[in-house]
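Novice: Below are the structure tokens for one structure; questions will follow.
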Amino acid sequence: MKVEISPQVADFVRRQAPEPRRMLRRALRALAEDRGDIKHLEAPLDEYCRLRVDGYRTILHYAGRGTIQCVFAERRSIVYEVFAQALVDKLVGVDE
């Protein structure tokens, strides 16, 4: 599988302390072999999956043709709310 990392995910991983950064990078590399703690999300985010890495979550989208898009990453406590709001803002056309 091909794994595409969004700029937001890359920046988030870079900002982490060394050990969480290593864990996140290892987990993102493992996605190429379709490995990891992956779970489909429920509505309204049912087009997406999440990758669990300790206290962090990465939101994924299977784009077809063997491509996984890593679109958003954040701490577990806020990831779904922040991502859902970012999607709403994008649909409504709100620029940040």
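Just so it is clear, none of the values below were taken in a lab; they were calculated from the coordinates. Being a predicted model, the structure only gives us computed values, none of them experimental. Note that each Cβ is placed from the backbone with ideal geometry, even for glycine, and that neighbours are counted across all protein chains shown.
Novice: Do any residues in the stretch 20-44 that are more than 18 Å from GLN69 (Cα to Cα) have Cβ atoms under 6 Å from those of residues that are surrounded by 15 or more Cβ atoms within 10 Å (Cβ to Cβ), where the two are at least six apart or on different chains, and which pairs are they?
Specialist: ARG21/VAL13; MET23/VAL53
Novice: Looking at the stretch 74-83 only, could you name the residues that are more than 17 Å from PRO7 (Cα to Cα) and surrounded by fewer than 16 Cβ atoms within 10 Å (Cβ to Cβ)? First the steps, then the outcome.
Specialist: At the first step, the residues of the stretch 74-83 found to be more than 17 Å from PRO7 (Cα to Cα) are 76-78, 80-81.
Passing the criteria: ARG76, SER77, ILE78, GLU81.
Novice: Right, next: Quick one: GLU47 ticks every box in (1) exposed (fewer than 14 other Cβ atoms within 10 Å of the Cβ); (2) in contact with a helix residue (DSSP H, G or I) (Cβ under 9 Å, 6 or more places away or on another chain); (3) of a type in the set (Asp, Glu) except a single one, so which number is it?
Specialist: (2)
Novice: Among the residues of the stretch 50-73, write down those that are crowded, with 19+ Cβ neighbours inside 10 Å and in contact (Cβ under 8 Å) with a residue 60 or more places away in the chain.
Specialist: ILE68, CYS70, VAL71, PHE72, ALA73, listed by residue number.
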